[in-house]
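Q: Encoded as structure tokens, here's the structure I'll be asking about.
The values are calculated or read from the model by the stated rules, or taken from the named source; none is laboratory data. The structure displayed is predicted, hence computed values, not measured ones. Cβ placement follows ideal geometry from the backbone for every residue including glycine, while neighbour counts extend to all protein chains displayed. Remember, those area values only see protein heavy atoms, side chains included, never the ligands or the DNA or RNA. Shrake-Rupley method; radii C 1.70, N 1.55, O 1.52, S 1.80 Å.
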Amino acid sequence: MRRVMLFLLIVILGGIAATQWRAGVREAAAERDNPPAGEIIMIDGVPVHYKVMGEGPDLVLIHGASGNLNDFTMGFTDLLTDRYRVILFDRPGLGWTGRLPGYEGAWNNAEETPMEQAAVLQRAADAIGVENPIVLGHSFGGIVALAWGLSRPSDTAALVLVSAVSEPWPGELGWTYTVNGSTLGGALFVPLITAFVPQGYIADSIESIFAPQTAPDGYADHIGVGLTLRRESTRANAQQVNALRPHVVEMRKSYDTLTLPIEAVHGDADTIVPLEVHARVLMDDVPNGNLTVLPGQGHMPQHTAAQSVRDAIDAAASRAGLR
């Protein structure tokens, strides 16, 4: 019996070692194939990846869950750089921005809150000379944009919320967030994802995010999905999403203080961040909001209805006196 147990232990340990090795190989390939698109600045010991494009009033773009700043550069920024200085950031733990101190490690299940994420991006923005920006957030980036506005109401020109998380939601999130965001799952299950997730599953996941529209050709390669599938990034993403709701509940108590212009753009076919749960409710919580509903549009209008999102940015700039 002892020999059997010893054999099983050796097999398990060998499997763990092989999984970690394969995960490391995939991570190295992802980083080689998807180098930083912009510059990296150190903020209180945290590497923050940013990219600056164009000229005009400052416009900060903050991406959603499972993404990075490249999500905006597949055509969308081409609509903006003739009229704005566009500043794109990777959020903490994603793309080429590191996790905040104290949140790293396989056995850690703590998350960077929206307020903490906004704070480190604000310090990076200060360091590169960003002033009185319009701040756009997509999906999870929307709650970070709201945190930005709440913490700097007099230094933020306006907010643009695209398919944005903004309100507490009913029910539970998917089991993958729960498992990957837990201590044990983050240490044991996440490496399996990094090492073995098939390309077909990735393609199906992207299409479900874009539904009922379809993802543009080459989207997965352009954003570099392998960066999100790195072990630390997968853990960070899951932990941030899994623990988000209590922070939204707390932030909502202060929404009535957001007197700056807020433009929300939301598709009525969005099943990832539903219109009726988020943007529609938000309009009753903020004193200076305007909602544009996009009929038939899903979760990714910066790709599938880009002109409408640009119009919302222009409206925000006009209301803020920047144009």
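Q: Rounded to whole Å and ordered largest first, report the semi-axes of the equivalent ellipsoid of the chain derived from its Cα gyration tensor (root of 5λ). Numbers along the way, then the final one.
A: Numbers: eigenvalues 243, 81, 74 Å².
Each semi-axis is the square root of five times an eigenvalue, giving 35, 20, 19 Å.
Q: Want the number for Glu207 to Asn132: 0.36 nm per residue separation, take away the alpha-carbon distance, what's left?
A: Values: separation 75, 0.36 × 75 = 27.00 nm, distance 3.59 nm.
Working it through step by step, the gained length comes to 23.4 nm.
Q: If you don't mind, there's one more thing I want to ask. Give, rounded to the nearest 20 debye, the magnitude of the charge dipole that the chain has about its Cα centre when Lys and Arg contribute +1 at Cβ and Asp and Glu contribute -1 at Cβ.
A: Details: 22 positive and 35 negative charges, 210 e Å.
So the dipole magnitude of the chain works out to roughly 1000 debye.
Q: Could you please report the charge total around Ile87, scoring K, R as +1 and D, E as -1 over all other residues with beta-carbon less than 15 angstrom from its beta-carbon?
A: Details: positive: Lys51, Arg83, Arg85, Arg91, Arg123, Arg152; negative: Glu39, Glu55, Asp58, Asp71, Asp90, Asp126, Glu131, Asp155.
Around Ile87, the surrounding residues sum to -2.
Q: Arg152 accessible area, nearest 10 Å², 1.4 Å probe?
A: 60 Å²
Q: When DSSP beta bridges are limited to those with both residues in the range 50-115, what percentage is antiparallel, rounded to the nearest 5?
A: Working: 4 of 9 bridges.
Here the antiparallel bridges make up roughly 45 percent for the range 50-115.
Q: Please identify the trypsin sites (Lys or Arg not before Pro) of the range 184-268 that satisfy two criteria: DSSP loop assignment and at most 10 other Cβ atoms within 10 Å. Which are they? Provide the component values of the computation, followed by the final result.
A: Working: sites: Arg230, Arg231, Arg235, Arg252, Lys253; in loops: Arg230, Lys253.
Taking the range 184-268 and a limit of 10 other Cβ atoms within 10 Å, the loop trypsin sites (Lys or Arg not before Pro) found are Lys253.
Q: Any idea what the dipole of the range 95-171 comes to, in debye rounded to 20, about its Cα centre with Lys/Arg Cβ at +1 and Asp/Glu Cβ at -1? Before the final figure, lay out each step's value.
A: On the way: 3 positive and 8 negative charges, 13 e Å.
Roughly 60 debye for the range 95-171.
Q: Another question, then. Of all beta bridges DSSP finds with both residues in the chain, what is the antiparallel percent, to the nearest 5? Mind dumping the intermediate values first?
A: Details: 9 of 33 bridges.
In the chain, approximately 25 percent of DSSP beta bridges are antiparallel ones.
Q: Let me ask something else. Order Phe89, Phe189, most accessible first, counting only protein heavy atoms with a 1.4 angstrom probe. Mind showing how you got there, number by number?
A: Details: Phe89 0, Phe189 70 Å².
My answer, sorted largest first, is Phe189, Phe89.
Q: Turning to a different aspect of this structure: Per-residue ellipticity at 222 nm for the chain, helices alone: DSSP H runs ≥ 4 residues times -39500 (n - 2.57), over residue total, nearest 500 deg cm²/dmol? Could you put the intermediate results ahead of the total?
A: Details: 13 runs with 145 residues, N = 323.
So the calculated ellipticity at 222 nm is -13500 deg cm²/dmol.
Q: Tell me the Rg and the Dmax, in Å, that the Cα atoms of the range 1-147 produce.
A: Over the range 1-147's Cα set, Rg and Dmax evaluate to 19.7, 73 Å.
Q: Among Trp21, Trp148, Trp96, what's the order by accessible area (1.4 angstrom probe), most exposed first? Before the final figure, lay out the partial values.
A: Numbers: Trp21 175, Trp148 5, Trp96 60 Å².
The ordering from most to least exposed comes out as Trp21, Trp96, Trp148.
Q: In whole Å, what is the distance between the alpha-carbon centres of the range 66-104 and the range 243-314?
A: For the range 66-104 versus the range 243-314, the Cα centre distance is 19 Å.
Q: Next question. Taking a 1.4 Å probe, which of Thr304, Thr97 shows the most accessible area, and what order do the others take after it?
A: Values: Thr304 45, Thr97 5 Å².
Most to least solvent-accessible, the answer reads Thr304, Thr97.
Q: Additional query: Express the accessible area of the range 145-249 per residue in Å², computed with a 1.4 Å probe while the remaining protein chains stay in the model.
A: Details: 4310 Å² over 105 residues.
So the range 145-249 comes to 41 Å² accessible per residue, rounded to a whole number.
Q: Which of the three applies to the range 257-323, rounded, prolate or oblate, going by the alpha-carbon gyration tensor with a ≥ b ≥ c and a/c under 1.5 meaning rounded?
A: Working: a/c = 3.07, a/b = 1.26, b/c = 2.43.
Because a/c hits 1.5 or more and a/b fails to exceed b/c, the range 257-323 counts as oblate.
Q: Something else: Please report the carbon-and-sulfur percent of the accessible area for the chain; probe 1.4 Å, protein heavy atoms only, DNA, RNA and ligands left out. Walk me through the numbers on the way to the answer.
A: Numbers: 7870 of 13830 Å².
About 57 percent, which is the carbon plus sulfur part of the accessible surface.
Q: Would you kindly state the longest site-free stretch of the chain, with sites defined as GluC sites (Glu not before Pro) in a DSSP loop (not H, G, I, E, B) surrounded by at most 11 other Cβ atoms within 10 Å?
A: Values: sites that count: Glu55, Glu131, Glu172, Glu276.
Free of exposed loop sites, the longest segment is 173-275.
Q: Report the net charge of residues surrounding Gly105, where surrounding means a beta-carbon distance below 15 angstrom and charges are Lys +1, Arg +1, Asp -1, Glu -1. Before the final figure, lay out the partial values.
A: Details: positive: Arg99, Arg230, Arg231, Arg235; negative: Glu104, Glu111, Glu112, Glu232.
Around Gly105, the charge tally is 0.
Q: Which residue fluctuates most in the GNM of the chain (Cα springs below 10 Å): Ala203, Ala264, Ala124?
A: Ala203
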